[in-house]
Amino acid sequence: MGERPEAGRVLDRPERWDPEQVIYVDTPGTDEDGLTHAMLKRPGGDGFVMCYAPSEFPRLGRWILHGADATVAAFALPATCEPEGYLAEKAKGNIAILAPGQARALLDAVMARHGVSTGLSGGASGAAALSDRLDALAPEGRHVRASLTFARHVQPDFHDNRAPLADPDRRGMIVGLTLETGTDDLALDYLATVQALAYGTRAILDAMEVRGITVAEIVMSGGLAGNADYVMAHADATGCRVLLPEGEEPVLRRVAIAAAVAAGAFAELSEGTRAMAGPARTVSPDPALRAYHDRKYSVFKAMQAHFDDVRRLMAAEDEHTAAPNGRED
């Protein structure tokens, strides 16, 4: 296959793939948008098509198998690494680590770095205390509460940006700091961070919409689904309805639904979902806050662009030699 890759264009010789072949395409072609397209045409006239960004998945594999127990034609498998095993791929620098709980970790870090954090418990209890303080600062309700961060903005890439930028070297920032050091100031940091996480989700949804995928509902589970500020910010910032499953272990329940469909208990995932998913509470966006969050989202994107500017400036070679006293000679 390495000498004659065209031999794999038509899969008409089963013995060639017995028991299996794994093939890599080193430099797949891309269109003007940087996307690679692949297609598998089946003998009946139908087929499969897909596209992806090699900037996000730098490896492209094909897995073709023909044996007594199974036949497989995986015509395009975008990936971040090759299938040589975890240790081998780690040694080659191909492993992409996606640490869990980064949203919660960011909120904890923002609270911990503030001077008054020593008087607060970490995690959910600390967030609840700050949420209570926000209620006191904005007794008028949801609209005024959200606008408390009019002059406080957070770029949440403190650790990296997984999606949609896939940039492990990005870092975060907080804009709008004053000389205030009390609990009210920390409450603003907390709320601005919660909103920034929602803008990060909106950036992912925007990237999906460019590729023709429109999202109207977000199903949320996990620890932060119990944080009302986080849930409300996602609804208002994205314009999506947020669904909060009322049953226990919604992720495992979804796996069970897929297994039930595979076992033949239901004909379609939609049928299994209606029967097994259970009820969910809906949090709807507030249309009156849309313009405010649009402006905040514009600031969010401007801060990401500013980080690129700063990184570019610091990467440039100095044209002058600085003297020890800081003055240029």
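Each residue of segment 209-214 is assigned a 3J(HN,Hα), and the resulting list reads 5, 4, 8, x, 10, 9 Hz, derived from the Karplus form 6.51 cos²θ - 1.76 cosθ + 1.60 (θ = phi - 60°), x at Gly and Pro.
In this rough spin-label picture, where each label sits 7 Å from Cα along the Cβ direction, the Met314-Cys51 distance is 3.6 nm. Karplus-based coupling profile of segment 232-241, in residue order and whole Hz: 5, 4, 5, 5, 6, 6, 9, x, 9, 6, with θ = phi - 60° in 6.51 cos²θ - 1.76 cosθ + 1.60 and x standing for Gly or Pro. Build a GNM of the chain with springs between Cα atoms under 10 Å apart, and of Leu191, Leu313, Leu120 the one that fluctuates most is Leu313. Segment 194-329 has equivalent-ellipsoid semi-axes of 45, 19, 14 Å, by the square roots of 5 times the alpha carbon gyration tensor eigenvalues, sorted largest first.
Taking label points 7 Å from Cα along the Cα-to-Cβ direction, Lys92 and Val255 give a separation of 2.8 nm. The modelled label-to-label distance between Ala68 and Arg42, using points 7 Å beyond Cα along the C-beta direction, is 2.7 nm. Of the labelled figures [x] 210; [y] 270; [z] 236, only one reflects volume of the Cα convex hull per residue in Å³ as derived from the coordinates, namely [z].
On the beta carbon distance between Asp167 and Ser270, with R0 = 35 Å, the FRET formula returns roughly 0.45.
Relative to one another, the C-alpha centroids of segment 29-59 and segment 180-253 are positioned 31 Å apart. Considering only Arg104, Arg254, Arg241, the mean-square fluctuation computed in a Gaussian network model of the chain, springs between alpha carbons under 10 angstrom, is largest for Arg254.
Where a number appears in this text, it was derived from the coordinates with a stated rule and is not lab data. Treat the numbers as computed from the prediction; the structure is a model and nothing was measured. We place every Cβ from the backbone using ideal geometry, glycine too, and count neighbours over all the protein chains shown.
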